[in-house]
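The values are calculated or read from the model by the stated rules, or taken from the named source; none is laboratory data. Keep in mind that what you see is a predicted model, and the values were worked out from it rather than measured. All Cβ positions, even for glycine, are placed from backbone atoms using ideal geometry, and neighbour counts span all protein chains on display. Keep in mind that these areas ignore ligands, DNA and RNA; they rest on the heavy atoms of the full protein, side chains included. Shrake-Rupley method; radii C 1.70, N 1.55, O 1.52, S 1.80 Å.
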Amino acid sequence: MIVYLGDFFDKSELNAMEITAIRDLRWAKKIPHYFLVGNHELYGKSENISLNSLNVLSGIKDFYVLYCPFQLDNLYFLPYDNYKGDKIENIFS
């Protein structure tokens, strides 16, 4: 498993050359890749975390874009969001 901990991109809007370069990278095969959405991937000031530049990766086999808190075995993933004071133990309960 490979986990990218947010801010994989430094901006939310990607141009055609950047998208093509991402698609042409030689990614590790047969290994799941998890991408946590960071604040740099979010579109503008949108509070909709699903509007992000990581979506360009979502069609690649074994790639998973994490928009919301996620638990995998004993690992807990918390992508960027405005949790408005929620305590961490409440988010994963």
All strands (runs of 3 or more DSSP E) inside the chain with 1 or more residues being at pLDDT 90 or above: 2-4, 33-36, 63-66
Select from segment 8-38 the residues that are open to solvent by less than 80 Å² (accessible area, probe 1.4 Å) and over 15 Å from V56 (Cβ atoms) and list them in ascending order. A28, I31, P32, Y34, L36
Segment 39-51, residues that are of a type outside the set (G, A, S) and open to solvent by 50 Å² or more (accessible area, probe 1.4 Å): N39, H40, Y43, K45, E47, N48, L51
